[in-house]
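Single-structure report; data block below.
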Amino acid sequence: MKHSLKDQIVAVVGGAQGIGHAIAKAFSEEGCRVALLDRSDAVLGAAEEMTRNSGVECRAWVVDVTDETAVQSCASDINELWGGARHVVYAAGCGSGKFGFPFWNLDPADWPRVLAVNLYGAVHTAHAFQSQLCRSGSGSLLFLTSVAGQIGSQTDPPYSAAKAALTNFMHCAAKDFAPFGVRVNAIAPGMVRTSLNEAVWEASQAGLPVSERQEYAVWAGEKIRRVSPLGRWQEPEEFGAMAVFLASEAARNITGQTLNIDGGQVMHA
């Protein structure tokens with residue numbers, strides 16, 4: 001416990017697995033009570049495990065972030081249970097499940113679900129927790145975006161566009177929350193071993209002849225060497241550490257920023 005966050009209430013949306021789970025775990029290890037929200041039932045076991053390991057109470061809610069009413073209900077539950085969240089992390093995300101280069105490989109019908117989860121779900125979350133964050137006087141809101149939203153990645157255009165829009169919404173929210181002492185930022189992953197990353201690989205191989213298909217480890221290794229100056233994977237735990245830092249007093253003057261954890265993949269001159 002290095003950041004004086006003990007006993008603070010944190011809500012992590014998309015906390016059942018991957019980066020969201022690593023972020024939730026990092027907060028629980030800081031002594032925070034963590035509310036995990038996810039559409040997967042696996043979130044129930046994740047909360048129980050965190051409670052056992054950290055000795056701090058963690059709770060779980062199964063919820064679809066595209067359902068605004070359901071997200072509002074979860075926020076109300078957290079308010080009644082613990083008096084409201086001081087920090088909120090939106091880490092839910094999904095891709096189209098298809099390889100989008102060129103973009104007309106996809107149909108317009110492939111876009112709505114990606115936008116609903118990556119963008120509208122974040123908007124639902126921000127609205128649901130707005131009053132709790134403003135009441136905290138010194139809270140934080142953190143969005144998980146992607147380097148894809150900065151470079152116009154052709155791998156999955158709906159995903160890239162949704163993450164770019166989320167970054168813009170983060171800027172708007174940062175300005176709106178600033179008078180209340182609430183800081184709003186984003187973390188943008190590069191190459192991370194998650195189910196979403198594997199889905200990108202599967203989609204990229206689907207249209208290839210069998211003789212040209214690559215195993216995931218080979219495909220990912222080549223991509224990392226091609227796009228990342230540091231030439232290595234980014235790990236979920238790195239995002240947990242950054243999320244905890246951004247929620248702490250050490251980051252009290254950081255707002256409206258996107259911090260890339262990408263091995264140098266995106267560099268702005």
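Flag: residue 78 does not match the condition of being closer than 21 Å to residue 244 by Cβ and in contact with a Pro (Cβ under 6 Å, 6 or more places away or on another chain). No other residue among 222, 237 is part of a helix (DSSP H, G or I), in contact with a helix residue (DSSP H, G or I) (Cβ under 8 Å, 6 or more places away or on another chain) and either surrounded by fewer than 16 Cβ atoms within 10 Å (Cβ to Cβ) or among the charged types (D, E, K, R) (or both) apart from 237. Right, residue 55: within 21 Å of the chain's Cα centre (by Cα) and on the phi > 0 side of the Ramachandran plot or not? Judged against the criteria, residue 55 is not a match. Filtering region 145-154 for residues that are over 28 Å from residue 228 (Cβ atoms), in a helix (DSSP H, G or I) and not charged (D, E, K, R) leaves an empty set.
Matching residues to (1) within 30 Å of residue 34 (Cβ to Cβ); (2) under 15 Å from the mean Cα position of the chain (by Cα):
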| site | (1), (2) |
| --- | --- |
| 216 | no, no |
| 242 | yes, yes |
| 245 | yes, no |
| 249 | yes, no |
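The sole residue among 99, 129, 103 that is of a type in the set (Phe, Trp, Tyr), within 19 Å of residue 178 (Cβ to Cβ) and touching a residue at least 12 places away in the same chain (Cβ under 8 Å) is 129. Applying the criterion of being touching a Ser or Thr at 6+ places or on another chain (Cβ under 7 Å) and part of a helix (DSSP H, G or I) to the residues of region 39-62, the residue that is surrounded by the most Cβ atoms within 10 Å (Cβ to Cβ) is 50. Among residues of region 240-262 being part of a loop (DSSP other than H, G, I, E, B) and surrounded by 19 or more Cβ atoms within 10 Å (Cβ to Cβ), the one that is modelled with the highest pLDDT is 255.
The values are calculated or read from the model by the stated rules, or taken from the named source; none is laboratory data. Remember, it's a predicted structure, so these values are computed and weren't measured experimentally. A quick note on method: Cβ atoms are made from the backbone with ideal geometry, for glycine too, and the neighbour counts reach across all protein chains shown.
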